[in-house]
1. Need one number: nm distance between label points at Leu206 and Ile141, each 7 Å from Cα along Cα→Cβ, rounded to one decimal.
2. Per DSSP helix of 4 or more residues, -39500 (n - 2.57); summed, then divided by the residues of the chain. What does that give at 222 nm, rounded to the nearest 500?
3. Name the residue from Thr302, Phe202, Thr80 whose Cα lies farthest towards the positive end of the charge dipole of the chain, charges +1 on Cβ of Lys and Arg and -1 on Cβ of Asp and Glu.
4. I need the phi-derived Karplus couplings for the range 56-63: 6.51 cos²θ - 1.76 cosθ + 1.60, θ = phi - 60°, integer Hz, Gly and Pro marked x.
5. Between the range 367-390 and the range 338-364, what is the C-alpha centre distance in whole Å?
6. With the contact rule set at Cα under 8 Å and sequence spacing of 6 or more, what percent relative contact order holds for the chain?
7. As an exercise, use a Förster radius of 51 Å and the Cβ-Cβ distance of His399 and Ala192 to find the FRET efficiency, rounded to the nearest 0.05.
8. Once both axes come from the Cα atoms, what is the angle between helix 83-121 and the longest principal axis of the chain, in degrees from 0 to 90, rounded to 10?
Amino acid sequence: MSVRGEFSSRLGFILAAAGSAVGLGNIWGFPTQVAGNGGAAFVLVYVILAFALAYPVLMAELIIGRATRSNMVDALGIVTGSPVGRITGVWGFVTVSFILAFYALVAGWMIAFFLETLSSLVGLERLSEWLTSQTVLRDVIFCGLFMAATAGIVLGGVSNGIEKWSVRLMPTLILLIVLLIVYVATLDGASAGFKAYLLPDFSKVLNPGLLVSAMGQAFFSMSLGVGTMLVYGSYIQNSEKLSTLGASVALVDIGIAVIAGLLIIPAMYVALANGVEIYTEAGELIAGDSLIFTVLPALFDTMGAAGSLVAFVFFALMIIAALTSSISMLEVPVAYVVESKGFTRTKAVWGLTTVIFSVSTVIAFNFGELFGLVISLTTQYSQPLLGFVLCIFAGWVWHRDNILQELEKGDEGVSASLFWMIWPWYIRFVCPVVILIMFYRSF
């Protein structure tokens, strides 16, 4: 049995866990949801729901992880004392692997567009055209590059791989977002974007669509249900106060989503001022991959010489956001194969990277049929159900005394705290009901 790694510092854990939560979805998904759902009113509801819903589930994963010091499969087996727990763990292992398979394809596109900013600078027009046109060959090559980079970081283990790189990548991510916000703020049209993003339309606060959107964003933005936070929790030192650590991760994740909105929405209105179409036929702001690969590149083209530099920085930012999430996803199956199957970390990392890359390749060759289907099955259906099952395990199956004993390791007075008065009942009754409502609405 190999010695398990640990995060060497509180900051290292917070940045790694927040990095897992902060992904491509935060940077393009959150801002466009804000713009389409009452601006700052959505931000307010999202922040409330992030702490009311996502934080309790995050805490369940962290507590289970640290108490069992195990990968997801073994941890849920220990907590439940039955094969049902282990089966749930395998389900999470498979789900996160499929999420990484499609995620790596999208991250590969980011690398291609990043390299296009360099090829266009030196006048390699044919290469630029190939880099920005979707072909199976391009997708497979850059997906492979991204998976290799992810594997290289995870290979270093917890403190020398995940923590070391998270502590470098996360501050860089924040710095790049802030630099781009400052630049975009100087351009025509930006003020209209800030207004759309920051001025609340409180008439929309109780809109059922807004509430469901905010719930979904709050729950999924923290990468809950698939074991990433459980595995990271298993690497936390016993002396750490878990409730505070969890709150710090939630705050960083929310903060980065909010500042990403300060970049994306004003940038879209700058694009509008420059003659780029930013609305769909239904009158909603363009979102998702159309925003990243059509609207924003069109904006960069209108900026002249500065556009290439801004595009270079922007796609560098997107690659970093993708990497901080992918390393946590790969660590979930790696931890299981190393601890339960006795593989060395090197064999586990490269073996699983090869398997997941193979799945990505199959998706690339059958893009029209599989890409949307895999996203839907994993994020819309599998993730909320896994989150629901985790709430049942933490609230109903695992003994409360064991949970309290684990929390007391880093916080002796936790039994008298507001957290302990609310959380056990909340995870038992409120979270499962809300997750089921979300799941029903996703149909």
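Read the figures in this text as sums done on the coordinates, not as results from a lab. The shown structure was predicted, so the numbers you read here are calculated from the model rather than taken from an experiment. Note that we place each Cβ from the backbone using ideal geometry, even for glycine, and neighbour counts take in every protein chain shown.
1. The answer from the label model is 5.7 nm.
2. Working: 21 runs with 314 residues, N = 443.
The helix-only estimate for the chain comes to -23000 deg cm²/dmol at 222 nm.
3. Thr80
4. x, 5, 4, 4, 4, 5, 5, 5
5. 20
6. Numbers: 678 pairs, mean separation 148.1, N = 443.
Relative contact order, the chain: 33 percent.
7. On the way: r = 56 Å, r/R0 = 1.09.
About 0.35, to the nearest 0.05.
8. Computed tilt is about 20 degrees.
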